Amino acid sequence: MTRTLTRNRVVLGLAAGALAGVLAGCGSGNGGGSTTSTPPKKSVEPGVTQVNADLTDFHIALSQKTFKPGSYTFVARNSGHHDHALEIEGPAGEHRTKTLAPGASGTLEVTLKSGTYEIYCPVDGHKDLGMKTKITVGGSSAPVNRTPQNSNGY
């Protein structure tokens, strides 16, 4: 009798484990489809650098920190809960994406020249809430100090 009871419990345990495995494999909890939290990489033309700009409430995170003069495609993704946009202002002029709803992405193609640029969200005063950053394109941002070796300047 004890042997039969133990065998029944083992069989029930195995059946419950198998059922749990089947149920876990059937549902993903997101409607059956797969989703990603990052936008798919867009292919850009040769010689064009892609920069991802993650827009949140209220911060801008760029995928790179250093820039050389040249062509760039900024891929802006609104990861926040409010509408956002990306604007780049500097020596190459002023360039802006359309306003992006939460979860939406947009691209901005810009040819950057040497100098300092301000990158910010132009929507509803978000810039004043800290949604801004600056980049320097080209040479170093700090001047080089040269001290003469002797009184003759050599």
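A short reminder: the numbers here are calculations on the coordinates, not readings from a lab. Given the structure is predicted, the values throughout are model-derived calculations rather than measurements. All Cβ positions, glycine included, derive from the backbone under ideal geometry; neighbour counts span all protein chains shown.
Remarks
- Whether segment 49-124 is rounded, prolate or oblate, judged on the alpha carbon gyration tensor where a/c under 1.5 counts as rounded: prolate
- Estimated inter-spin distance, THR116 and THR99, nm [label 7 Å along Cα→Cβ]: 3.0
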